[in-house]
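J.: Let me give you the structure first, and then I'll get to my questions.
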Amino acid sequence: MQKDSPPGDVAALFGRLTEESLPGRRGEQAWRALLQAQATLMRQLDTDLREDTGLRLADFDVLAQLADAGGELRMMELAVRTLLSRSGLTRRVARLADEGLVRRADAAEDRRGVVVALTDAGVARVTETVPVHLRGVSKLFVERLDDQELAVLETALRKVMVDCTFG
C-alpha cells in the first residue's frame, strides 16, 4: 500500500519544480492573474448573458463570429475564430441549427467543406444579444482600465498569442 506524502512535502516539491522551471518565479504571478481574470470574466459574462437572454456565451460567440464574417463561414474557419475543437463546434452548431439560429450546407465550391450560415432568427438573436454582451464587457473589463492600460494590455497579449488550430 502506498503512503501519501505529507502536504508540506508536496508544497516544497511544487515550489522547487516551479523555481527550476521559472527561474526566480519570474512571471508566475502575472500568469496566474491572466488565468484568473480570463476564467472569472468568461464565467461572469456567460452567467449574465444566460440570465438576460437565455443564450450561452459560447453559442453567442458562434453567432457573433458568423455575423462579423458577413453571415456565413466554412466550419474550419469558424472553429479557428471561436477557438473550439472541431467536435465541440460540430455539437454546438448542431444545437444552434436545431434551434433554427444557423443552417448548414455543403460548400458550393468543392462540396468537401460545410458552410454554416446565420438564419433570420440567428440574426435577430445576435441583434438582441450583442448590446447585452458588450455592456457586460464594458462594465467588467473596459471601464476598469484606462486607455493606456488597455493599449499596454493589448500589445502585451498580442506578443504571446500563439497561432494554432484546435482539433
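The values are calculated or read from the model by the stated rules, or taken from the named source; none is laboratory data. Treat the numbers as computed from the prediction; the structure is a model and nothing was measured. All Cβ positions, glycine included, derive from the backbone under ideal geometry; neighbour counts span all protein chains shown. Just the protein is used for accessible areas: all its heavy atoms, side chains included, with ligands, DNA and RNA removed. Shrake-Rupley method; radii C 1.70, N 1.55, O 1.52, S 1.80 Å.
J.: From the list A97, A117, A121, A108, exactly one residue is farther than 28 Å from L157 by Cβ and part of a strand (DSSP E or B). Which is it?
T.: Within the list A97, A117, A121, A108, the selection yields A117.
J.: Within the stretch 139-149, work out how many residues are open to solvent by less than 100 Å² (accessible area, probe 1.4 Å) and more than 18 Å from L49 (Cβ to Cβ).
T.: Matching residues across the stretch 139-149 total 3.
J.: Farther than 17 Å from A117 by Cβ, open to solvent by less than 70 Å² (accessible area, probe 1.4 Å) and more than 15 Å from the chain's Cα centre (by Cα): is that true of G100 in this structure?
T.: When the stated conditions are applied, G100 does not pass them.
J.: In addition: Can you tell me which of (1) of a type outside the set (K, R); (2) over 20 Å from L41 (Cβ atoms); (3) open to solvent by 50 Å² or more (accessible area, probe 1.4 Å); (4) in a helix (DSSP H, G or I) is the one G70 doesn't meet?
T.: (4)
J.: Taking the options V152, V116, V130, name whichever one is open to solvent by 60 Å² or more (accessible area, probe 1.4 Å) and not acidic (D, E).
T.: Among V152, V116, V130, only V152 is open to solvent by 60 Å² or more (accessible area, probe 1.4 Å) and not acidic (D, E).
J.: Would the stretch 48-64 turn up any residue that is under 20 Å from the mean Cα position of the chain (by Cα), open to solvent by 100 Å² or more (accessible area, probe 1.4 Å) and at positive phi?
T.: no
J.: Let me ask something additional. Scan the stretch 106-128 for residues that are of a type in the set (A, V, I, L, M, F, W, C) and either within 19 Å of L49 (Cα to Cα) or under 25 Å from the mean Cα position of the chain (by Cα) (or both) and jot them down.
T.: V114, V115, V116, A117, L118, A121, V123, A124, V126
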